[in-house]
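Report on one structure; see the data block that follows.
The values are calculated or read from the model by the stated rules, or taken from the named source; none is laboratory data. Please read all numbers here as calculations on a predicted model, not as lab measurements. No Cβ is skipped: glycine too gets one built from the backbone with ideal geometry, and neighbour counts run over all protein chains shown. Each accessible area value is taken on the protein alone, full model and side chains, heavy atoms only, with ligands, DNA and RNA left out. Shrake-Rupley method; radii C 1.70, N 1.55, O 1.52, S 1.80 Å.
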Amino acid sequence: MIIPAPAILRLVAATLIPAALLYAVTPQFRPLLLFVPLLVGMVALADLLILFRYRNRLTVTAPPRLSLVCGRAGQLGITIQASNQAGFDLQVGLALPAGFVSPFRETRLKLAKGGDAVCLDWSLTGTKRGRFQVMQCSLRVASPFRLWQLQIRHTISTELRVYPNLRAERRRLASLFLERNDRQLQAQRQRGQGREFDRLRQYQTGDSLGDIHWKATAKRRQLITKEYQIERTQEVYLLIDSSRLSGRPVPTAEGGSEPFLEQAVRTALILGSVAQRQGDLFGVAAFGSRVQGFVRAKTGKTHFGHCRDLLYTVQPGEDNPSFAELATFMAARLRRRALLIFIAPLDEPALAEDFVRAIRILSRRHLICVAMPQPPTAAPLFSTTNLGSSDELYRHLAEHLTWHQLRELQQSLRLQGVRLMLVKDERLSADLVSHYLDVKRKQLL
């Protein structure tokens with residue numbers, strides 16, 4: 001694309017306008033003045049032809065992928081190289097997708113003589129989680145006389161991965177970590193009612209007959225009992241609802257709001273890091289009307305990266321969650337007893353009934369916990385005594401009915417051995433980590 005530069009207007013103003021005035025007042029110089037527009041046109045045309053030689057001599061390269069953290073600045077390295085030996089000035093512009101901010105829209109740089117490549121670090125910040133594409137980088141080269149500018153668009157096709165920022169969640173968990181002994185957050189060897197064999201010892205009064213090692217008893221001619229330790233490789237799964245319910249705005253600690261799914265994703269990654277420190281296997285799943293992604297429980301940094309790669313692209317859908325399909329999917333893939341933590345709003349009565357029916361498939365074999373945000377429209381009737389009008393009374397009655405339905409849901413799930421936790425939005429990570437550590441301490445798995 002050829003763009004006229006402001007210098008061409010100054011050239012016209014400096015040459016053609018005085019020539020036109022002289023043509024009107026000096027008839028004897030009219031034949032010579034007729035060559036002035038022709039001369040200006042030849043200069044402009046020559047300057048334009050020289051500019052065209054840069055069209056195919058510029059190459060732009062960028063990395064195929066860049067990983068960023070939401071809310072933190074990163075650098076996109078762009079390499080520009082010219083095949084000619086002459087140096088010239090260059091303007092660079094980058095077409096950033098929606099959800100990214102940069103301290104500048106364009107930048108200027110100087111290509112030195114000799115054809116050496118120039119590396120440009122473009123600063124950018126992702127404001128929301130997800131996968132994005134940077135498709136084009138625009139270059140603008142000025143002609144030697146600065147009369148024209150040539151704009152060239154290069155395709156770079158860089159994938160930008162914006163991962164959730166866990167710094168705020170870790171700060172909220174700091175108080176929980178300080179209240180507990182730090183040694184409890186490390187994987188420890190504990191003896192108890194686990195089923196991982198530890199050692200043999202002499203029989204003591206009160207030991208179960210099922211724990212007697214009969215071969216060792218026959219060999220030593222005295223009762224020998226098997227002692228077990230807690231299994232250190234328990235499986236923990238966090239199942240995130242990514243249906244339309246997950247798009248509900250919830251307040252944040254900073255005073256704003258965000259979709260509830262954002263807090264659920266950060267909670268899953270925080271719980272995964274804690275489970276790794278405990279020596280357990282951690283897995284995740286995202287579901288709506290169908291299972292959108294599933295990562296089997298494992299451990300290690302590579303596995304944590306796989307879980308993060310699944311969760312950072314999950315977005316709220318427009319469908320209703322299918323708990324029956326999820327329960328069937330998980331029952332077919334889980335062979336060992338595991339801790340299943342659901343993060344799903346269940347304040348709609350129809351969806352709550354579907355969950356109660358579907359969870360029976362999993363509750364017979366696995367330990368299940370459900371965490372949902374406490375609705376702002378659910379509160380006991382006499383939680384406040386300040387009533388200004390009859391409208392406020394009816395509003396409190398509606399809140400009491402919602403609160404009563406949630407209490408009934410808790411009771412029905414408790415009969416199946418499922419715990420329903422109503423947590424505040426900013427306490428989601430802390431409450432789930434605390435519940436997980438209590439399960440470990442009480443050896444419920």
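Here A275 meets each of (1) small (G, A, S); (2) under 24 Å from G71 (Cβ atoms); (3) in contact with a Leu (Cβ under 8 Å, 6 or more places away or on another chain) with one exception, condition (2). Residue check: is E408 open to solvent by 30 Å² or more (accessible area, probe 1.4 Å), assigned to a helix (DSSP H, G or I) and closer than 23 Å to G293 by Cα? No.
For the range 135-163, which positions are hydroxyl-bearing (S, T, Y) and touching a helix residue (DSSP H, G or I) at 6+ places or on another chain (Cβ under 8 Å)? Passing the criteria: S143, Y163. Restricting attention to the range 411-442 and to residues that are assigned to a helix (DSSP H, G or I) and over 20 Å from A275 (Cα atoms), the residue that is least open to solvent (accessible area, probe 1.4 Å) turns out to be L413. Scanning the range 395-445 for residues that are of a type in the set (V, I, T) and within 14 Å of D347 (Cα to Cα) gives T402, V423. Consider P97 carefully, then state whether it is touching a residue at least 60 places away in the same chain (Cβ under 8 Å), touching a strand residue (DSSP E or B) at 6+ places or on another chain (Cβ under 7 Å), open to solvent by 70 Å² or more (accessible area, probe 1.4 Å) and not polar (S, T, N, Q). Against the criterion (touching a residue at least 60 places away in the same chain (Cβ under 8 Å), touching a strand residue (DSSP E or B) at 6+ places or on another chain (Cβ under 7 Å), open to solvent by 70 Å² or more (accessible area, probe 1.4 Å) and not polar (S, T, N, Q)), P97 does not qualify. Within the range 338-363, being charged (D, E, K, R) and at pLDDT below 90 holds for D347, E348. The residues in the range 4-13 that are surrounded by 12 or more Cβ atoms within 10 Å (Cβ to Cβ), assigned to a helix (DSSP H, G or I) and aliphatic (A, V, I, L, M) can be counted, and the count is 4.
Which residues, counting only those in the range 352-365, are open to solvent by less than 10 Å² (accessible area, probe 1.4 Å) and either of a type in the set (K, R) or in a loop (DSSP other than H, G, I, E, B) (or both)? Listed by number, the list holds a single entry, I359.
Under the condition of being farther than 30 Å from G305 by Cα and of a type outside the set (F, W, Y), the residues counted in the range 61-102 number 13.
L445 versus (1) part of a helix (DSSP H, G or I); (2) touching a strand residue (DSSP E or B) at 6+ places or on another chain (Cβ under 9 Å); (3) not acidic (D, E): which is the lone unmet condition? Just one mismatch for L445, condition (1). Pairing residues of the range 358-369 that are among the basic types (K, R) with residues that are in a helix (DSSP H, G or I) and open to solvent by less than 20 Å² (accessible area, probe 1.4 Å), at Cβ distances under 9 Å and at least 6 apart in sequence or on separate chains, gives R360/A327. Within the set L245, L223, L200, L173, the sole residue that is modelled with pLDDT of 85 or more and open to solvent by less than 30 Å² (accessible area, probe 1.4 Å) turns out to be L245.
Of the residues making up the range 373-394, none is open to solvent by less than 30 Å² (accessible area, probe 1.4 Å), at pLDDT 90 or above and in a strand (DSSP E or B).
Contact map, the range 388-414: residues that are among the basic types (K, R) paired with residues that are modelled with pLDDT of 90 or more, Cβ distance under 6 Å, separation 6+ or inter-chain. No pairs are found. When you scan the range 281-291, do you find a residue that is without any contact (Cβ under 8 Å) to a residue 24 or more places away in the chain, within 27 Å of S322 (Cβ to Cβ), out of contact with any Ser or Thr (no Cβ under 9 Å at 6 or more places or on another chain) and not aliphatic (A, V, I, L, M), even just one? No, the conditions are met nowhere in the range 281-291. Would you list the strands (runs of 3 or more DSSP E) that sit entirely within the range 41-91 and hold 3 or more residues that are free of Cβ contacts under 8 Å to residues at least 60 places away in the same chain and open to solvent by less than 70 Å² (accessible area, probe 1.4 Å)? The strands (runs of 3 or more DSSP E) meeting that bar are 73-82.
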